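Working notes, structure below.
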Amino acid sequence: MGLPTLEFSDSYLDSPDFRERLQCHEIELERTNKFIKELIKDGSLLIGALRNLSMAVQKFSQSLQDFQFECIGDAETDDEINIAQSLKEFARLLIAVEEERRRLIQNANDVLIAPLEKFRKEQIGAAKDGKKKFDKESEKYYSILEKHLNLSAKKKESHLQDADTQIDREHQNFYDASLEYVFKIQEVQEKKKFEFVEPLLAFLQGLFTFYHEGYELAQEFTPYKQQLQFNLQNTRNNFESTRQEVERLMQRMKSASQDYQPPSQWTMEGYLYVQEKRPLGFTWVKHYCTYDKGAKTFTMSAAETKSGGKVNGLVTSSPEIFKLKSCIRRKTDSIDKRFCFDIEVSERHGIITLQAFSESNRKLWLEAMDGKEPIYTLPAIISKKEEMFLNEPGFNFVRKCIHAVETRGITILGLYRIGGVNSKVQKLMNTIFSPKSPPDMDIDMDVWDNKTITSGLKNYLRCLTEPLMTFKLHKDFIVAVKSDDQNYRVEAVHALVHKLPEKNREMLDILIKHLVKVSLHSQQNLMTVSNLGVIFGPTLMRAQEETVAAMMNIKFQNIVVEILIEHYEKIFHTAPDPNIPLPQPQSRSASRRTRAICLSTGSRKPKGRYTPCLADHDSDSYSSSPDSTPMGSIESLSSHSSEQNSTTKSASSQPREKSGGIPWIASPPSSNGQKSSGLWTTSPESSSKEDATKTDVESDCQSVASVTGPENTSPPIDLTKKGLYGLSGLKRSAASSLRSIPSAEGRS
């Protein structure tokens with residue numbers, strides 16, 4: 001029920017009903033006054049909270065800006081560079097958002113608090129002043145009226161006339177105050193409809209403008225976000241592949257002899273205890289020692305273990321360098337310490353007595369200092385009877401496998417990624433490479449399923465005595481794809497392929513031609529160029545020395561395979577440019593880390609708006625049409641942007657200008673209405689179940705060697721690492737792969 005109307009005529013009568021209606025207005029006015037006071041208080045708290053939030057976000061963005069990723073290895077892939085730079089992009093986005101919030105906070109007091117305070121003081125305050133005047137005049141009038149009515153009629157006429165004049169004057173004053181009060185209180189009641197609602201509207205408009213700016217920034221950020229999702233997915237795939245290889249190496253190292261000597265620039269190195277003379281006798285001090293046989297240089301650095309405050313609790317002094325003259329094993333009965341030997345050096349008189357950790361460790365030191373050859377292989381780690389060779393039976397086997405796959409299984413989901421059962425693969429290898437089998441024996445497709453055939457093919461390639469792309473050219477291929485120049489990557493790989501031995505290049509041609517066909521059916525089998533690179537990178541390439549550093553280069557091996565697939569016609573069917581320089585090792589480039597990963601840069605939008613950082617078309621971090629290829633897409637997630645991808649995927653992604661002249665990439669959904677396909681995902685449970693039934697096939701390599709070639713004396717290759725199911729680096733069960741597809745159909 002609304003407030004009653006106050007008529008001016010009622011002010012003259014001043015009836016009880018008028019007073020009651022006036023009181024209703026006064027109660028409502030007081031309630032409005034209290035509400036506005038609370039609103040001002042809450043608004044001030046809100047503005048303060050926004051200010052504190054803004055400061056916290058700015059501090060958070062500054063932390064993102066200051067942090068710098070460091071990756072293992074001397075170079076990073078384009079994906080890793082983009083990921084490392086992403087924190088600075090996030091910081092730029094947050095700063096752009098906070099710029100708009102800062103304007104909101106700056107204007108909030110003028111837009112909200114000041115107008116409300118003004119309305120309360122000027123309008124409601126004026127009404128309260130009117131009430132005071134009304135109450136004062138009312139009290140004065142009725143007091144004089146009461147005295148006037150009590151005058152005796154016997155008073156003089158002149159006295160009575162003065163009293164009448166006075167009462168008329170006071171009544172007029174009361175009447176005027178009543179009219180003004182009635183007018184003012186009703187004016188305030190009407191003005192409150194807009195006078196304090198308008199500031200609220202203006203504040204909300206500013207708040208919604210801030211939210212809208214955030215929405216627009218999010219829209220502009222979407223292409224970069226999708227590109228970063230590709231980079232993260234690629235890096236995750238590479239990580240899984242590398243992690244499994246490193247874990248296998250770790251397990252082999254656990255089973256190796258404690259005195260295994262890894263490859264090193266020194267002939268021998270390790271900790272030794274050195275006997276030093278003291279005033280009260282002798283003491284043994286731990287030193288880290290190295291010996292270079294060629295220069296006969298022996299160095300030792302005192303290493304003292306301390307707890308706390310030092311790196312790894314180890315403090316090393318500056319090394320002492322000596323020229324070795326002789327080394328003699330110390331007889332046990334000549335000293336009360338075990339595992340000792342004496343050396344003579346040119347820089348000191350007398351002998352230096354050293355203590356090794358064990359008898360076998362002492363033997364290694366003695367052999368090294370006697371000028372014997374160092375041990376660079378992995379003794380006691382690898383046990384291998386036979387090896388496989390690249391010969392005619394192998395060529396026939398690969399051709400038969402490829403024919404079987406292309407005939408009936410090229411569209412099978414997870415082709416080459418989902419491995420076969422170990423026992424079946426071993427049986428296939430024994431059947432094909434049996435000495436009694438004919439060299440051109442066919443593969444019975446009624447007996448062998450597709451997974452067994454693909455696993456057999458991968459197993460044969462991994463068990464070769466030397467990888468298909470050779471140890472000799474391994475480092476050259478890795479250095480080539482570490483280049484910032486994409487065109488040089490392709491040209492260098494092209495030139496290096498033509499340096500391969502004839503048989504190796506022929507086999508590589510057969511295989512890559514097949515993988516090109518597989519990638520063309522990625523809509524069905526989900527085996528994109530990137531996925532094939534993850535699987536066949538460790539299969540076709542491996543370092544001769546199996547170290548963690550070598551494992552960190554698996555991601556670059558994957559890129560080499562991607563380039564081979566994407567540029568198959570050029571690499572295998574055209575002659576390389578003779579003017580292309582061979583790859584040269586480069587140190588880690590700081591400038592590359594700080595180079596903008598943007599797909600493009602444009603003029604900044606007004607008000608400090610965030611400009612999405614997307615790459616130029618010729619940048620090595622360019623990703624074609626991110627909108628049309630969201631995370632998990634069947635399109636290639638290759639970190640090496642190829643001519644093939646840029647031509648096939650960018651047809652529907654023409655760059656356009658958004659307001660403010662900011663280039664960004666966008667494209668409509670694909671014609672079939674399906675924007676994404678399922679990611680290769682798996683759970684620990686599914687992976688563990690698969691591991692239980694599918695293991696590395698070391699025995700296959702031994703069974704095939706009997707017909708593939710004579711015994712080879714090259715350094716032994718670790719077969720436990722090169723097993724069948726370590727090829728992709730991402731173990732995926734068939735069930736989990738199939739489950740991942742329907743859930744993504746029809747969704748972005």
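The values are calculated or read from the model by the stated rules, or taken from the named source; none is laboratory data. Quick caveat, the model's predicted, so the values are computed rather than measured. In this analysis, Cβ positions are derived from the backbone assuming ideal geometry, glycine residues included, and neighbour counts consider all displayed protein chains. Each accessible area value is taken on the protein alone, full model and side chains, heavy atoms only, with ligands, DNA and RNA left out. Shrake-Rupley method; radii C 1.70, N 1.55, O 1.52, S 1.80 Å.
Pulled fully out, how much extra length does the chain show between F357 and F35, if you take 0.36 nm times their separation in residues and subtract their Cα-Cα distance? Intermediate results must be reported in sequence, preceding the final value.
Details: separation 322, 0.36 × 322 = 115.92 nm, distance 8.38 nm.
Stretched out fully, the F357 to F35 stretch lengthens by 107.5 nm.
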Fill in the blank from the handout: Of all GluC sites (Glu not before Pro) in the range 62-136, the ones in DSSP coil with at most 14 other Cβ atoms within 10 Å are E70
Practice task
Count the net charge of all other residues whose Cβ sits under 11 Å from the Cβ of L104, scoring Lys and Arg as +1 and Asp and Glu as -1.
Solution key: 0
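Given the Cα-Cα distance of E216 and E180 and 0.36 nm per residue of separation, how much length would full extension add, in nm? Don't skip to the answer; put the middle values down first.
Working: separation 36, 0.36 × 36 = 12.96 nm, distance 5.25 nm.
Additional length available on full extension: 7.7 nm.
According to the Kirkwood expression over distinct Cα-Cα pairs, how big is the hydrodynamic radius of the range 1-148, in Å?
Working: mean 1/r = 0.0471 Å⁻¹.
Roughly 21.2 Å, rounded to one decimal.
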Handout entry: Charge context of P439, other residues only, Cβ under 14 angstrom, K/R +1, D/E -1
Key = 0
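At 1.4 Å probe size, with every protein chain present, just tell me what the per residue accessible area of the range 69-123 comes to in Å². List each step's numbers first, then the result.
Working: 2340 Å² over 55 residues.
In whole numbers, the range 69-123 has 43 Å² accessible per residue.
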Handout entry: Solvent-accessible surface (1.4 angstrom probe) belonging to F210, in square angstrom, nearest 10
Key = 20 Å²
Fill in the blank from the handout: Carbon and sulfur atoms account, in whole percent of the 1.4 Å probe accessible area of the range 131-185, for 49 percent
Problem - N109 paired with K140, simple spin-label distance in nm, labels 7 Å along Cα-to-beta-carbon - result: 4.1 nm
Problem - Unsatisfied cross-links (Cα-Cα over 21 Å) in the set K131/K192; K34/K121; K482/K513; K118/K192; K458/K499; K88/K482 - result: K482/K513; K458/K499; K88/K482
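Quick one: which of K296/K475; K427/K451; K133/K184; K451/K517; K277/K363 span more than 22 angstrom between C-alpha atoms?
On the way: K296/K475 29 Å; K427/K451 13 Å; K133/K184 12 Å; K451/K517 17 Å; K277/K363 25 Å.
Those over the limit are K296/K475; K277/K363.
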Practice task
Express in nm, to one decimal, how much length is gained between S9 and M250 on full extension, taking 0.36 nm for each residue of separation and deducting their alpha carbon distance.
Solution key: 76.6 nm
Handout entry: Å² per residue, accessible surface of the range 144-293 at 1.4 Å
Key = 57 Å²
Exercise for the section: Please list, in chain and number order, the residues 5+ apart from Y271 or on another chain whose amide H is under 5 Å from its amide H, with Hs placed from the backbone. Expected result: C289
Practice task
Calculate how large, on average over all directions, the projected area of the Cα convex hull of the range 488-590 is; give the answer in nm² to one decimal.
Solution key: 7.9 nm²
Handout entry: Alpha carbon centroid spacing (whole Å) that separates the range 6-62 from the range 534-588
Key = 73 Å
